[in-house]
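Below you'll find the structure, written out as structure tokens, and then a few comments.
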Amino acid sequence: TMEPADQLSRNEIQRFSRQLVMEEIGVEGQLQLRNSKVLVVGTGGLGSPCAMYLAAMGVGTLGLVDHDTVDHSNLHRQIIHTAGACGSSKVISARMTLRRLNPQCNVRIHDQLLDSSNALQIMRGYDIVIDATDNAATRYLVNDACVMLGLPLVSGSAVRLEGQLTVLNYAGGPCYRCLFPVPPPPDTVATCSDAGVLGVVPGVIGCLQAMETVKVLTGRKSMDSPMLLLFSYKAAQPFRSVRLRSRMASCAVCGDAPSITRLIDYVAFCGSGPNDKTPDLHIL
Amino acid sequence: TMEPADQLSRNEIQRFSRQLVMEEIGVEGQLQLRNSKVLVVGTGGLGSPCAMYLAAMGVGTLGLVDHDTVDHSNLHRQIIHTAGACGSSKVISARMTLRRLNPQCNVRIHDQLLDSSNALQIMRGYDIVIDATDNAATRYLVNDACVMLGLPLVSGSAVRLEGQLTVLNYAGGPCYRCLFPVPPPPDTVATCSDAGVLGVVPGVIGCLQAMETVKVLTGRKSMDSPMLLLFSYKAAQPFRSVRLRSRMASCAVCGDAPSITRLIDYVAFCGSGPNDKTPDLHIL
Amino acid sequence: MADTTEKETPKLLINVEFSDGLETLIKDEVLKKREGRSCAQIKLEETYGGSPATIRHLAEYIRDNCIKSKPELFYDKDGVRPGILVLINNDDWELFEEDGIDKHDYKLENNADVVFISTLHGG
Amino acid sequence: MADTTEKETPKLLINVEFSDGLETLIKDEVLKKREGRSCAQIKLEETYGGSPATIRHLAEYIRDNCIKSKPELFYDKDGVRPGILVLINNDDWELFEEDGIDKHDYKLENNADVVFISTLHGG
Ligand SMILES: [Zn+2]
Ligand SMILES: [Zn+2]
């Protein structure tokens, strides 16, 4: 673990000089990044650029959760992993890359499948959580745990040629369940494995997740109406920002009278889990 | 050099399977990427993610031009370079990272300052050029050489908390000089060195440059009105797409009666060059 | 005043877009590509049984007329199925839900823009 | 018909935004933050010397009234200085240039949106 610092080292002043000259970051913002603990859940297509930029920009402590190993079919989008890492643990491979980028970043690895039995314990103590996962069950799990722990959640997703980004459980905004109280039918959920994904699409969304994280950590995230950013490779105007609802008083987990006060069985809730192959329907 | 392939290897089918399942890429698109030669001018904040994603997604030949060495103050945004590479040549450092990501990618390095004496020779033979440079003189140089060689130019830029992206000299659209016939006064040009830049801002733009490159190489780039994408970290709606003018008949290099038919002295034209420090004015 | 004597019943024209995978559910002849997006212009009656046309009428029209197969992947017994986000004039439809009135009962105006988006879970 | 007898001269209200660094040239009291963007509402006369207000009148107004110092960093002898892109209602102002008529002479309508953007060269 890292002691909180109240000033930057000479090495940090040199390394982060291009961020220190901007009033929106400055020494204060850089120290906030330095003293922050960020948990990235998933070291795949979204987690790769997100973790790399957070480490590069000076986040002091970065936690990584993933239980998977690197596969050849990951490499076109998961740029934190090298071809030589195929077969190895993703979090160990990711840590190696992050150490190369910024040896001062304290990388904590959790080589585990996040589930209801370990999520609160793993997530407790972080300041913010990045949802860079790849399935609905884990998304509800991460959300509910963030609500229970009072942590903002930077949620990104990408499939095929589209991506979505939003900051949840933050400043009176909605949580994931406020937006989606009922999980989608399992056979409507497309995964990158069966529907495909263009490598750079999660790249764009993962970078934007790192950006939103910096905004939250440095106190520069607008408290105005919550937004959802939609990205589409094919559209002439590839981005669209949409105003979202606020927190729902009726929400089962963050509402005024929550019915969910401890983590539940998310695989049963969603009808499919993190390890399931999607039925061969080829629809989204 | 790489021979053009008319089918994918078993290794490539495995590696790019998530792209092969999408009709917008498919085997045909993947082969187009495989047989393409892309030149990335600049291996800094924009060139880092752009080159990494292009190599990861399967571009067969990637040229890198840069004359600079890695500095500690680059590392917060130039994620292709490791902390251990400080002091080394940027193109050599970049090639090492690209080889780790995709050993099949043929990386050609040009460890040179691009100038009027070598630009055409370096750029000739590529299918598309990425402008990932950091100064006005080189931007005009790269543009004029692209027009003379008939190459599309994917232009990105990022300073402070803002970024810009456009595809130039493509499908009847404008070149850089059509947009900016007269160079800006040197004391209005902000650089990342003096005005600063948040690490992930060129990250976002560099990823989007890789995306636009894939669209052009696979023939999926819309031929409709040319667009400029504007990005702002601080805005509630961080992206804005703007319709641009078409090619200008009056353009000095791509117009109907061009006055510039060979490369000129771009440092004299702009009043400042790639190695100049910007005057200490602290305005953009 | 609507003139209902001889002419056609008045119609509402709704600009609909299907995004992030939902477009694959829709019949090809319904979809028009507009600037790289999958759009459809849908004509609704101004009123159904005397009540103004709502999002529910639009969604039922799509279910009955525009879906290739498996309408339940768009509309289940309660309405637009879970996991689909609806935007009305580029805002989350939940912003239009009023106390005690379901968002499906939002009244559509002529030329309204409605987007149906599938939530993405991959990464 | 404009009534010029007793009342104020009619005014045009123009919504202006300064972006990508240009906002640092503008006096603080002129700028309003709107959704994270640097905006100003500028009132122009409807006509100048009998001719309708144009982009040139707007730019000269900004040069004379809104710039902190060094107006030449916004407007040089020929007009808006090189390296500044102008958007009118979110389109490149060059799209409004007609044969033989300079884009500075584009006539502004009430409530027009005009954005002045500095080109970025860094990376
Ligand atoms: Zn909630
Ligand atoms: Zn031109």
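The values are calculated or read from the model by the stated rules, or taken from the named source; none is laboratory data. What you are looking at is a predicted structure, and each value in this text was computed from that prediction instead of being measured. A quick note on method: Cβ atoms are made from the backbone with ideal geometry, for glycine too, and the neighbour counts reach across all protein chains shown.
For the list (1) more than 13 Å from the chain's Cα centre (by Cα); (2) closer than 26 Å to D:LEU120 by Cβ; (3) of a type in the set (Lys, Arg), I need the number of the one condition that D:ARG63 fails.
Failing condition for D:ARG63: (1).
Across the stretch D:26-47, which residue is farthest from the other protein chains (Cβ to nearest Cβ) among those that are of a type outside the set (Gly, Ala, Ser) and assigned to a loop (DSSP other than H, G, I, E, B)?
My answer is D:GLU46.
Looking at the stretch B:170-186, which of its residues are in contact (Cβ under 8 Å) with a residue 24 or more places away in the chain and at the interface with chain D (Cβ under 8 Å from one of its Cβ atoms)? Give the derivation first.
To start, the set of residues in the stretch B:170-186 that are in contact (Cβ under 8 Å) with a residue 24 or more places away in the chain comprises B:170-179, B:181, B:183-186.
The answer is B:LEU179, B:PRO181, B:PRO183, B:PRO184, B:PRO185.
For the stretch B:198-210, enumerate the residues that are at the interface with another protein chain (Cβ under 7 Å from one of its Cβ atoms) and either in a helix (DSSP H, G or I) or touching a strand residue (DSSP E or B) at 6+ places or on another chain (Cβ under 6 Å) (or both).
B:VAL200, B:PRO202, B:GLY203, B:VAL204, B:CYS207, B:LEU208, B:ALA210
Residues in the stretch A:16-31 that are more than 7 Å from chain B (Cβ to nearest Cβ) and not in a loop (DSSP other than H, G, I, E, B): how many?
Looking only at that region, the number is 7.
Based on this model, can you work out whether B:SER246 counts as within 13 Å of chain D (Cβ to nearest Cβ) and within 16 Å of ligand 2 (Cβ to nearest atom)? Break it down stepwise before answering.
On the way: within 13 Å of chain D (Cβ to nearest Cβ): yes; within 16 Å of ligand 2 (Cβ to nearest atom): yes.
It is true that B:SER246 is within 13 Å of chain D (Cβ to nearest Cβ) and within 16 Å of ligand 2 (Cβ to nearest atom).
If a residue has to be within 17 Å of A:PRO202 (Cα to Cα) and under 12 Å from the mean Cα position of the chain (by Cα) to count, how many in the stretch A:47-63 make the cut?
Matching residues across the stretch A:47-63 total 6.
Among B:CYS192, B:CYS254, which is within 11 Å of another protein chain (Cβ to nearest Cβ) and either within 16 Å of ligand 2 (Cβ to nearest atom) or in contact with a helix residue (DSSP H, G or I) (Cβ under 7 Å, 6 or more places away or on another chain) (or both)?
B:CYS192
Any idea how many residues of the stretch B:155-169 are away from chain D (no Cβ under 11 Å), away from ligand 2 (no atom under 13 Å from the Cβ) and outside any strand (DSSP E or B)? So that I can check it myself, show each step before the final result.
Of all residues in the stretch B:155-169, those away from chain D (no Cβ under 11 Å) come to B:167-169.
So of that shortlist, the ones also away from ligand 2 (no atom under 13 Å from the Cβ) come out as B:167.
Then drop every residue that is not outside any strand (DSSP E or B), which leaves none.
Of the residues in the stretch B:155-169, 0 are away from chain D (no Cβ under 11 Å), away from ligand 2 (no atom under 13 Å from the Cβ) and outside any strand (DSSP E or B).
Failed condition for B:PRO238, given (1) away from every other protein chain (no Cβ under 14 Å); (2) away from ligand 2 (no atom under 16 Å from the Cβ), with all others met?
(1)
Return the residues of the stretch A:64-101 that are of a type in the set (Lys, Arg) and touching a Ser or Thr at 6+ places or on another chain (Cβ under 8 Å); say none if nothing qualifies. Talk me through it step by step, then tell me what you get.
Kept after step one, since they are of a type in the set (Lys, Arg), are these residues of the stretch A:64-101: A:77, A:90, A:95, A:99-100.
Passing the criteria: A:ARG77, A:LYS90, A:ARG100.
Evaluate the stretch D:59-76: report whether one residue or more is at negative phi, at the interface with chain B (Cβ under 10 Å from one of its Cβ atoms) and in a strand (DSSP E or B).
Yes, the stretch D:59-76 contains a residue that is at negative phi, at the interface with chain B (Cβ under 10 Å from one of its Cβ atoms) and in a strand (DSSP E or B).
Can you tell me which residue is farthest from the chain's Cα centre (by Cα) among those in the stretch B:222-235 that are at the interface with another protein chain (Cβ under 7 Å from one of its Cβ atoms) and at pLDDT below 95?
Once the filter is applied, the top-ranked residue is B:ASP224.
Of (1) hydroxyl-bearing (Ser, Thr, Tyr); (2) more than 9 Å from chain B (Cβ to nearest Cβ); (3) closer than 14 Å to A:VAL214 by Cβ, A:TYR53 satisfies all except one. Which?
(2)
Using the structure shown, decide if B:ARG77 is charged (D, E, K, R), at the interface with another protein chain (Cβ under 10 Å from one of its Cβ atoms) and without any contact (Cβ under 8 Å) to a residue 60 or more places away in the chain.
No, not satisfied.
Suppose we filter the stretch C:32-67 for residues that are among the polar types (S, T, N, Q) and exposed (fewer than 14 other Cβ atoms within 10 Å of the Cβ); how many remain?
Of the residues in that region, 3 qualify.
Would you mind finding the one in B:THR261, B:THR213 that is away from chain D (no Cβ under 12 Å), over 26 Å from A:ILE25 (Cα atoms) and either assigned to a helix (DSSP H, G or I) or of a type in the set (A, V, I, L, M) (or both)?
B:THR213
How about the stretch A:74-92: which of its residues are closer than 17 Å to B:LEU98 by Cα and surrounded by fewer than 23 Cβ atoms within 10 Å (Cβ to Cβ)?
A:THR82, A:ALA83, A:GLY84, A:ALA85, A:CYS86
Can you name the residue in the stretch B:226-264 that is in contact with a strand residue (DSSP E or B) (Cβ under 8 Å, 6 or more places away or on another chain) and within 30 Å of B:LEU120 (Cβ to Cβ) and is also nearest to ligand 1 (Cβ to nearest atom) among such residues?
Ranking the qualifying residues of the stretch B:226-264, first place goes to B:LEU229.
Can you name the residue in the stretch A:170-188 that is assigned to a loop (DSSP other than H, G, I, E, B) and within 19 Å of the chain's Cα centre (by Cα) and, of all such residues, is farthest from ligand 1 (Cβ to nearest atom)?
Filtering the stretch A:170-188 down to residues assigned to a loop (DSSP other than H, G, I, E, B) leaves A:170-175, A:180-185.
Filter once more, keeping what is within 19 Å of the chain's Cα centre (by Cα): A:170-171, A:173-175, A:180.
Values: A:TYR170: 12, A:ALA171: 13, A:GLY173: 9, A:PRO174: 6, A:CYS175: 3, A:PHE180: 10 Å.
Among those that are assigned to a loop (DSSP other than H, G, I, E, B) and within 19 Å of the chain's Cα centre (by Cα), it is A:ALA171.
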